[in-house]
Amino acid sequence: MTETEQRKVSLQREVEWLEKCLKSLDSEKRMVPWLALLYVLIIPGAMWKGVLGVIVVLFATTVILGTAMYIQAGHRSEYMERLEETRKALAEIERVPYVPR
């Protein structure tokens, strides 16, 4: 197998892997709203420490939700960018014929 063919196979594998990662992110994205159920902890928080408990639970749950959405968006952006670059590199390899050294 020539160097160009090896590179092409490697790029095709990376495209497949990145598409698999994006599908995985889609399934994880559906799970993020379930984190909002942590707001139910307001009741025990209120019983435990009153208003301070409510504030702590509201703050912590909001931070957890925000962090989960931020990480999700960051990974999606990174994977999409890498996928685009990999597809461009693959297209360049397929257009340019191999010239032996």
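List of remarks:
- Looking across the range 36-78, just one residue is within 26 Å of residue 18 (Cβ to Cβ), among the small types (Gly, Ala, Ser) and surrounded by 13 or more Cβ atoms within 10 Å (Cβ to Cβ), and that is 68.
- Contacts under 9 angstrom Cβ, first residue in the range 14-43 being in contact (Cβ under 8 Å) with a residue 60 or more places away in the chain, partner of a type in the set (D, E, K, R) and surrounded by 14 or more Cβ atoms within 10 Å (Cβ to Cβ), 6 or more apart: 14/82; 15/87; 18/82; 22/76
Read-outs throughout are calculated quantities, based only on the coordinates presented, and are distinct from any laboratory measurement. All of these numbers come straight from a predicted model, not from anything done at the bench. Note: ideal-geometry Cβ built from the backbone for every residue, glycine included; neighbour counts use all protein chains shown.
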